[in-house]
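Working notes, beginning with the structure itself.
The values are calculated or read from the model by the stated rules, or taken from the named source; none is laboratory data. Since the model is a prediction, treat every value here as computed from it, not as a measurement. A quick note on method: Cβ atoms are made from the backbone with ideal geometry, for glycine too, and the neighbour counts reach across all protein chains shown. Quick note on the areas: whole protein, heavy atoms, side chains included, nothing else; ligands and nucleic acids left out. Shrake-Rupley method; radii C 1.70, N 1.55, O 1.52, S 1.80 Å.
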Amino acid sequence: MAVSSSGIVAALTAAALATVGYLAHQASQTLPAGLGRSPADAAPAAGVSKPPPQARKDPAALPDDSGKGARVVYSLRGDRVWLVGGDETVTRTFKVTPSTVDPSPGSYSVTSRSNAVTGSDGVPVEHVVRFTNVDGVVIGFSAAVNASPPAPAPKTRTGGIRESRADGEAMWTFATIGRKVVVVR
């Protein structure tokens with residue numbers, strides 16, 4: 001039986017395509033993660049379990065269980081403040097420098113305000129918004145007039161939670177007498 005040249009070419013082409021397909025499959029199985037495959041397609045090595053992906057929470061996101069309605073929220077762990085409107089919209093959030101005396105987590109109200117005074121650390125401050133006291137130390141938000149960051153001695157008991165002058169002005173406008181202040185961990 002005679003074999004035509006077109007039959008030989010067809011057989012060689014089929015064999016070549018099968019070989020290329022097999023080699024491509026083998027190569028795709030040995031690629032490093034992220035090269036040519038999406039991480040979701042990558043299989044973990046035998047005996048190694050992949051931990052489930054964890055969503056990273058935005059540190060500037062309003063903490064859960066921080067109350068309802070118009071309020072100031074202060075995070076002790078995050079050293080951050082949120083000004084929250086009555087419609088639950090965060091109107092402003094910013095970092096603060098904590099005082100050496102922390103208030104306990106809970107709900108408070110703004111009890112007094114001063115436009116400009118000298119802080120317990122001797123620094124002139126403005127836009128002071130007070131909401132509680134702890135063992136005789138008055139706790140509140142304020143901004144240093146000279147915009148210097150506070151550096152109280154660790155043994156000095158201060159209650160001033162310092163914010164920038166711009167943030168202090170926003171706090172002053174928002175946190176009027178009686179405004180709720182929620183302190184969270």
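Worth a mention:
- TYR74, sole failed condition from (1) within 18 Å of ALA166 (Cβ to Cβ); (2) open to solvent by 20 Å² or more (accessible area, probe 1.4 Å): (2)
- Number of positions in the range 62-75 that are of a type outside the set (Ser, Thr, Tyr) and in contact with a Ser or Thr (Cβ under 9 Å, 6 or more places away or on another chain): 5
- Residues in the range 98-128 that are small (Gly, Ala, Ser) and either assigned to a strand (DSSP E or B) or surrounded by fewer than 14 Cβ atoms within 10 Å (Cβ to Cβ) (or both): SER104, GLY106, SER107, SER109, SER112, SER114, ALA116, GLY122.
- Some residue of the range 45-65 being at pLDDT 90 or above, under 30 Å from GLY119 (Cβ atoms) and touching a strand residue (DSSP E or B) at 6+ places or on another chain (Cβ under 7 Å): yes
- Whichever residue in the range 156-168 is farther than 18 Å from SER75 by Cα and over 23 Å from the mean Cα position of the chain (by Cα) and, among such residues, is surrounded by the fewest Cβ atoms within 10 Å (Cβ to Cβ): THR156
Residues checked against (1) in contact with a strand residue (DSSP E or B) (Cβ under 6 Å, 6 or more places away or on another chain); (2) free of Cβ contacts under 8 Å to residues at least 60 places away in the same chain; (3) assigned to a strand (DSSP E or B):
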residue	(1), (2), (3)
ARG130	yes, yes, yes
ASN146	no, yes, no
ILE161	yes, no, yes
ASP167	yes, no, no
TRP172	yes, yes, no
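- Filter result for ALA143 (within 28 Å of the chain's Cα centre (by Cα) and either at pLDDT 95 or above or over 22 Å from ALA60 (Cβ atoms) (or both)): yes
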